[in-house]
């Protein structure tokens, strides 16, 4: 007997069904539910490889999980990959007159030292892709924005370079371009007078690829994935292993989480 | 007499003086696309509306992640490339650049090139190599 028939039968003879039959129906409903869920999960994977004409949706939320134990102190492969991908730092010959503090910095290596024990922890620090981003709250033009899939970025067509977002960001993730640029990458337009930051390699994510830093890490310490897809590796690990938000007290609901800090 | 016809006369004189100058302004010599017979839309439509298409596409791409080729700036340069004497594509810094030819004529300055690359994307292999 199919589940559908059993359910319609239940409606007609509701009063006559004994407890045994009730249990049977409850079990079959659970099985049907599981089958539907299975189909839904398959569909989610198809949605990830989104066609170019389809807009991003809030069904996904992209994020990173960074295991600091795998992150070597003297390694900056992720920083270098970002520089080459987006054409800043060593990936560019521009910004010659800016001081190191003024130059673009989308991602940086940070070393934490325990004053008591002397133990050092190394980690990459970039835009944390908050669900409630202060940079978006303060932007007067709507240039600082969050896409439906949780990626926080600057729409440079609207940015007037006021740098309010730089002051609002608790993670010092944003930088301002002070000079004319010439050697930009096609996929990552950047220009004088605008603010910029890690955009989670939005052009790669839109093509179904992972960010350059996650791809370059030799220890696979950076895991990229969909936080809303319960079947993704990142969601499974976040559910089963401890992880931390930096400055979690601000309750910004970060898209980037760290382990072992 | 002068009071009555003075202004129209002056106007006619000015027009007569101005017309030869207008006629003498050379029309832009628009560089031909290096490949393809047909643009993404009719040529006349593109001449009048390319800016609207590009602006619509830019918002769709940045804000909604829509990356279709049809009206993308990047896609323009797959065909509309002007090459220099060494067969290298010229950037918008060069007056021979496809966009510059008309924009210089119309005295309309665009600031796309402060951020965007104005030549075709180098092949994926040369990008991977990591330029200094």
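The values are calculated or read from the model by the stated rules, or taken from the named source; none is laboratory data. Here the structure is a predicted model, which is why all the values come from computation and not from measurement. Cβ placement follows ideal geometry from the backbone for every residue including glycine, while neighbour counts extend to all protein chains displayed.
Within the stretch A:104-118, identify whether any single residue is within 12 Å of chain B (Cβ to nearest Cβ), surrounded by fewer than 17 Cβ atoms within 10 Å (Cβ to Cβ) and either in contact (Cβ under 8 Å) with a residue 60 or more places away in the chain or in contact with a strand residue (DSSP E or B) (Cβ under 9 Å, 6 or more places away or on another chain) (or both), and answer yes or no.
No, the stretch A:104-118 has no match at all.
Within the stretch A:160-183, which residues are surrounded by 22 or more Cβ atoms within 10 Å (Cβ to Cβ) and either over 19 Å from residue A:86 (Cα atoms) or within 13 Å of chain B (Cβ to nearest Cβ) (or both)?
A:165, A:177
Output the residues belonging to the stretch B:60-75 that are more than 16 Å from residue B:46 (Cα to Cα) and more than 8 Å from every other protein chain (Cβ to nearest Cβ).
Within the stretch B:60-75, B:61 is the sole residue that qualifies.
Given (1) crowded, with 17+ Cβ neighbours inside 10 Å; (2) out of contact with any helix residue (DSSP H, G or I) (no Cβ under 6 Å at 6 or more places or on another chain); (3) within 14 Å of chain A (Cβ to nearest Cβ), identify the lone condition not met by residue B:98.
If we test residue B:98 against (1) crowded, with 17+ Cβ neighbours inside 10 Å; (2) out of contact with any helix residue (DSSP H, G or I) (no Cβ under 6 Å at 6 or more places or on another chain); (3) within 14 Å of chain A (Cβ to nearest Cβ), just (3) comes out false.
For the stretch A:123-159, give me each residue that is closer than 20 Å to residue A:66 by Cα, in a loop (DSSP other than H, G, I, E, B) and within 14 Å of chain B (Cβ to nearest Cβ).
A:149, A:150, A:151
Taking residue A:28 and the conditions (1) at pLDDT 95 or above; (2) more than 17 Å from the chain's Cα centre (by Cα), which numbered condition does it fall short on, given that it satisfies the others?
Status for residue A:28: all satisfied but (1).
Report, by residue number, each residue of the stretch B:36-68 that is surrounded by 12 or more Cβ atoms within 10 Å (Cβ to Cβ) and assigned to a loop (DSSP other than H, G, I, E, B).
If the condition is that a residue be surrounded by 12 or more Cβ atoms within 10 Å (Cβ to Cβ) and assigned to a loop (DSSP other than H, G, I, E, B), then B:39, B:40, B:41, B:65, B:66, B:67, B:68 are the ones that fit.
Would you say residue A:66 is modelled with pLDDT of 50 or more and touching a helix residue (DSSP H, G or I) at 6+ places or on another chain (Cβ under 6 Å)?
The answer is no for residue A:66.
Could you go through the stretch B:92-104 and let me know if any residue there is touching a residue at least 24 places away in the same chain (Cβ under 8 Å), over 15 Å from the mean Cα position of the chain (by Cα) and more than 21 Å from residue A:86 (Cα to Cα).
So far as the stretch B:92-104 goes, no, none of its residues is touching a residue at least 24 places away in the same chain (Cβ under 8 Å), over 15 Å from the mean Cα position of the chain (by Cα) and more than 21 Å from residue A:86 (Cα to Cα).
Can you give me the ranges of the helices (runs of 4 or more DSSP H) entirely in the stretch A:160-260 with at least 3 residues that are in contact with a helix residue (DSSP H, G or I) (Cβ under 6 Å, 6 or more places away or on another chain) and under 26 Å from residue A:137 (Cβ atoms)?
A:164-168
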